[in-house]
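> First, the structure itself, so that you have it in front of you.
What follows draws every value from the coordinates through simple rules; no lab data is involved. None of the values given here were measured: they were computed from a predicted structure. Note: ideal-geometry Cβ built from the backbone for every residue, glycine included; neighbour counts use all protein chains shown.
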Amino acid sequence: MMARLIIALLAVILSSSLALAKPDVTDVRIGVHPDKTRFVLELTEEPAYRAFTLPDPFRVVIDLPALEWRLGSRRVVEGGGLVQALRYGLFAPGTSRVVLDVGEPVDFDKVFTLPPENGYGYRLVIDLKPISREAYFARARTPLVSSIPLPRAQQAALPVAPPKPQGDTRPVIIIDAGHGGVDPGAIGQTGIYEKDLVLSYAKELKRLIEAEGRYRVLMTRESDVFIRLRDRVRYAQDSDAGLFVSLHANTHRKHELRGAAIYTLSETASDAEAAALAAKENKADAIAGIDLSDQPEVVSKILIDLAQRETMNQSKRFANLLVKQLHTVGPVLRNTHRSAGFAVLKSPTVPSVLVEVGYLSNKVEEKLLRSEDYRRKISGAIVKAIDGYFEWQRTAGPS
Ligand SMILES: [Zn+2]
């Protein structure tokens, strides 16, 4: 009886540790040939894969089991040939994804795996060739799958609103760390990813708000996982949140630009820069290789309904309070409160703001943003604005 129990326990321990041992990616290479572009992923195990293409913008998506990326300092891999840029990371629990941005329609020439030889590990080789737009849309685009089964394709991670604790009347605040998983967001001067930086800010902000005990805090993500924009919005709606704060960091080709800024939703952008930023941030789902053809409105235009007007006024109120606080902390962008059609701020009932904590393209600011001290200061400023906002809600607010 005892022996059987021990064996059963051992089996559980063994299978869970096996499940944790992920194949390593040890190298990523792009080879440019006259007639094709070759993409090679080198791994410690023979990979299961599923590869497919997506149109407008043209992308190649490769789904693999959860992988450990051991690329060392070569974390950012340069494109080449037909591949303009590439991203990789966790897409959904158990699924890693590689997305290749191709500037034109492409087709698979060959997709195959090679066993270890001559000092190389297992390799997944994908040959891409250009194809005309007409031919691309004329042919069937069925995914290419490996003979080894890939774990069933799971939905991108979906945060589920927890039930409200009985008798807890505190306002709910949603902290939304931008990007994640296969979508790194902006990349800084030293190679830091926006997704990692803003997650550290989100965790610090959560810690500070919870220390006050006046609000219930929920996060759209607490790890490096991809979450669709609309799922972030839905999470705030389902949680009956009183406030949604999305954290981001920016980059700009003018490297001297620096300072924090707050964005709220509007149909017409406050300026061209805000419009460009919203367009960039709204691309998150496309960046992660999600087929948007069934819902063009997600990326193309933001329709604002009547119910949203009051929510937008409340968002503006919070933004104004936060501008004042940020001025006491560090550099802020001129016209610190800006507005544009951000998809993640589109909740009709939850006041929502997007905070760009600063510019990763500015060397001085990047260093500042990475410091614990500055993270604490920015988070502290947001907490003060939150207190001010709910104080206003209680005394002069609309409801
Ligand atoms: Zn961002």
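> Binning every alpha carbon pair distance of region 58-216 at 5 Å from zero, what are the percents per bin?
Calculated P(r), rounded to whole percents: 2, 6, 11, 15, 16, 14, 11, 8, 6, 4, 3, 2, 0, 0.
> If you don't mind, there's one more thing I want to ask. Under a Cβ-Cβ cut-off of 12 Å, what is the net charge of the residues other than Gln325 that fall near it, where Lys and Arg count +1 and Asp and Glu count -1?
Result for the neighbourhood of Gln325: +2.
> Another question, then. Taking amide hydrogens as modeled 1.01 Å from N in the peptide plane, which residues meet the under 5 Å criterion relative to Arg59, leaving out close sequence neighbours?
Under 5 Å from the amide H of Arg59: Leu54, Val102.
> For the chain, what proportion of DSSP beta bridges, expressed in % and rounded to the nearest 5, is antiparallel?
Antiparallel bridges: around 70 percent, rounded to the nearest 5.
> Separate question: Within region 138-152, what residues put their amide N at less than 20 Å from the label point 7 Å along the Cα-to-Cβ vector of Ala66?
Backbone N within reach: 149-152.
> Moving on to the next point. Neighbouring Cβ atoms within 10 Å as the yardstick, rank Lys110, Lys346 fewest first.
Ranking Lys110, Lys346 by Cβ neighbours within 10 Å, fewest first, gives Lys110, Lys346.
> Evaluate the relative contact order of the chain (contact order divided by residue number), counting alpha-carbon pairs under 8 angstrom at least 6 apart; express in whole percent.
The normalised contact order for the chain reaches 15 percent.
> As a quick test, which of the pairs Lys22/Lys203; Lys195/Lys324; Lys316/Lys363; Lys283/Lys384 have an alpha carbon distance above 29 angstrom in this structure?
Check vs 29 Å cut-off fails for Lys316/Lys363; Lys283/Lys384.
> Let me ask something additional. Which net charge results for the neighbourhood of Glu212, defined as the other residues with beta-carbon distances under 12 angstrom from its beta-carbon, given Lys and Arg at +1 and Asp and Glu at -1? Walk me through the numbers before you get to the answer.
On the way: positive: Arg170, Lys206, Arg207, Arg214, Arg216, Lys384; negative: Glu210, Asp387.
Here the count lands on +4.
> Let me ask something else about it. Which shape class applies to region 217-339: rounded if a/c is under 1.5, otherwise prolate when a/b exceeds b/c and oblate if not, where a ≥ b ≥ c are the square roots of the Cα gyration tensor eigenvalues?
rounded
> I want the antiparallel fraction of DSSP beta bridges within region 258-399, as a percent rounded to 5.
That works out to approximately 40 percent antiparallel.
> Another one. So in region 158-310, what percent of DSSP beta bridges are antiparallel if you round to the nearest 5?
20 percent
> Then there is this: Please work out the Cα center distance from region 73-138 to region 333-361, rounded to the nearest Å.
33 Å
> With the Cα gyration tensor of the chain in hand, convert its eigenvalues to equivalent ellipsoid semi-axes via √(5λ) and list them largest first in whole Å.
Semi-axis lengths for the chain are 39, 27, 21 Å.
> Scaled to the compact-protein estimate 2.2 N^0.38 Å, what is the alpha-carbon radius of gyration of region 26-128, rounded to two decimal places?
Cα Rg divided by the expected 2.2 N^0.38 Å: 1.01.
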